[in-house]
Amino acid sequence: MMTLSYNDRFEYFCWFDDSNRFDVDLTVHNPEVEKMIEHLLPNLPISSKAQAKTYEQAVEYLFMIIANVGKAFLQENCVAIPRSNSFLNGETAISKRKLSKRTFLLILNFLRDSGYICEHMGHFDRNEQCGQTSRYWATKILQYHFRTLKPSDFRVLKTIKSVILHDNQGNEIDFSENKISKFFSEKIIFINELYKSNTFKYINKYEHKLINPYNIYNNPNDIPYINNKSYPLLGTNDNLYPRISAIFSRSSFSCGGRLYSIPQKGIGWQGLSQEQRKTITINEEATVELDFKGLHVSMLYAIMGVQIKEDPYSGLSAELRPLYKTLMLRLLNAKSVCYTIRSMSDTVYTLKHKVLLSPRDLKLLDCIHEYKPKWSILISELMERHRVIQRYFGSDCGIFLQRLDGEMMLHILSVLAQEGIPALPVHDSVIVPRHTQNRAAEVMQSVYCRYMGFDCIVEAK
């Protein structure tokens, strides 16, 4: 498979599909990056007559912008930085923090004009009321200074709450303390304290994105063949600094409630690929990831008073298993079967129009290309296979099941924490030290049975 160099994907392809969102609370602490910034300070375009506050803002914005560009570089992305008044005034869903427009743009333009970052200027059509945000990425000069940069070098300056409530658009909103928020908060604080007294590490093996052979605009003969980016950061050891928060949805504590890794420092383990998660160690000991098999399907069977005894996808085509699993997830989260079909078609359309794909997405397109499935037929087969629960297909029940499985996971982590066992949740699975595997599986099965009244298979991934 061919890969594109970091710079070529933006300069040559203008590939901005997976741009990082700009984080106004992000900063970076890395000796080489800090040394570079120190050398830049005397050259900042700040008047000697400027107030001390302006200079302090300039330094803060310098760290902020470089941190965002650096984080995007490690993820082989660019970063979208709005230059609009609404964003800089803190009036958007992205940020509620007001920045000094003049100073921020002064620093952003300074880095661009000094050759540290590249820019793809955005645009906005007032008639159509749409446009594209400006994109930025590290030049080879800045990449050189990023060669020792690691995910654990990044820090979020704002305080992260233990319990977070989102509205229908996914924006964080304020709420009044209640029994549910207190229940979750007390247990999460205890679990997060346990994390602090243990050491977590992993091997940072970034998964390269691959050229999409199904993109109608791709001409393989025109694509420059480059094996690696300039400064590969594969196989480096790094630390994790775990902490969790419960996120509820739709302005209600009856929806969502799953536990998410939102660290104050470094990256979250839930954002790692399954292969990367296998490299996690806790106190220098290898770990194992224990998984509830077909969790939401098992829960729905239990709600119907039936014990599911088989793999949810047994009896169906093994070659199409990835498609059945994707469809099942969509069916339980969509408001109708028709919407499920439409969402699958939209997903395929979106993936085919991407220049680069993750190996997982490419595998999905390969499967679709080879077998050319009809979504309605596959859904009918799932309905026939799961007649007991087909009433829940296209019912939007997923968000309510998350409320239940989120509380179950919190209970599991609490029991293990009381026994001094640190465990990292990945929604329907748990990462624990290998020597605690049997006990952790026992707790998972016990808690599931307590909530659902039936058994659920727990197996190592």
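Observations, loosely collected:
- Residue-wise HN-Hα coupling along region 331-344, computed from phi with Karplus coefficients 6.51, -1.76, 1.60 (Hz; x: Gly, Pro): 4, 7, 10, 8, 7, 7, 5, 4, 5, 4, 4, 5, 5, 5
- Between the exposed loop cleavage positions of the chain, defined as GluC sites (Glu not before Pro) in a non-H, G, I, E, B DSSP state with at most 16 neighbouring beta-carbon atoms within 10 angstrom, the longest gap is 320-418.
- Alpha carbon centroid spacing (whole Å) that separates region 53-98 from region 343-379: 34 Å
- Under the Karplus curve 6.51 cos²θ - 1.76 cosθ + 1.60, θ = phi - 60°, whole-Hz ³J(HN,Hα) for region 89-103, x wherever Gly or Pro sits: 8, x, 10, 10, 5, 5, 8, 9, 8, 7, 10, 6, 4, 4, 5
- The angle between the Cα long axis of helix 31-40 and the main principal axis of the chain comes to about 30°, on a 0 to 90 degree scale.
- Diffusion coefficient (Stokes-Einstein, Kirkwood radius over C-alpha pairs, 4 °C, 1.567 mPa s) for region 246-368: 73 µm²/s, rounded to a whole number.
- The chain, relative contact order [Cα under 8 Å, separation at least 6], %: 17 percent
- Distance between the 7 Å Cα→Cβ label points at ASP113 and LYS49: 1.9 nm.
- Debye intensity ratio in log₁₀ form over the Cα atoms of region 313-385, taken at each q of 0.13, 0.21, 0.23, 0.27 Å⁻¹: -0.37, -0.95, -1.12, -1.42
- For region 160-165, 3J(HN,Hα) per residue [Karplus equation, 6.51 cos²θ - 1.76 cosθ + 1.60, θ = phi - 60°, Hz, x = Gly/Pro]: 9, 6, 6, 10, 10, 10
- Restricting region 119-153 to trypsin sites (Lys or Arg not before Pro) that sit in a DSSP loop and have at most 12 other Cβ atoms within 10 Å of their own Cβ leaves ARG126, ARG147.
- Across the chain, Cα-Cα pairs farther apart than 30 Å form 54% of the total.
- In summary, the aspartates and glutamates within cross-link reach of LYS182, defined as a Cα separation below 16 angstrom excluding same-chain residues under 8 places away, comprise ASP174, GLU407.
- Burial ordering of CYS397, CYS449, fewest other beta-carbon atoms within 10 Å first: CYS449, CYS397
- Calculated on the alpha-carbon coordinates, the convex hull of region 6-156 measures out at 119 cubic angstrom per residue.
- Per DSSP, loop trypsin sites (Lys or Arg not before Pro) in region 293-373 with at most 11 further Cβ within 10 Å: LYS309, LYS335
- Using a cutoff of 8 angstrom between alpha carbon atoms and counting only pairs six or more residues apart, the relative contact order for region 6-156 works out to 32 percent.
- Folded to 0 to 90 degrees: helix 179-196 orientation relative to the chain principal axis, Cα: 70 degrees
- LYS161-GLN276 pseudo-label distance in nm [points 7 Å out on the Cα-to-Cβ vector]: 2.8 nm
- With 0.36 nm allotted per residue and the present C-alpha distance subtracted, the GLU172-LYS325 stretch has 52.1 nm of extension available.
- Amide hydrogen proximity for LEU356: with H placed 1.01 Å from N in the peptide plane, the residues at 5 or more positions away or on another chain lying under 5 Å are ASN212.
- Dipole of region 6-156 [Lys/Arg +1, Asp/Glu -1 at C-beta], most positive-end residue of VAL79, SER95, THR54: THR54
- For region 28-87, the normalised intensity computed at q = 0.14, 0.15, 0.22, 0.28 Å⁻¹ comes to -0.49, -0.56, -1.01, -1.18 (log10 of I(q)/I(0), Debye sum over alpha carbons, equal scatterers, no solvent).
- When each of LYS278/LYS461; LYS205/LYS278; LYS71/LYS98; LYS71/LYS196; LYS201/LYS325; LYS187/LYS293 is checked by Cα-Cα distance, pairs over 20 Å: LYS71/LYS98; LYS71/LYS196; LYS201/LYS325; LYS187/LYS293
- Relative contact order (%) - criterion: Cα under 8 Å, at least six apart; region: region 313-385: 40 percent
Read-outs: derived from the displayed coordinates by stated rules, not from any lab. Every value quoted in this text rests on a predicted model; they were computed, and no experiment measured them. Neighbour counts run over all protein chains shown; Cβ positions are idealised from the backbone, glycine included.
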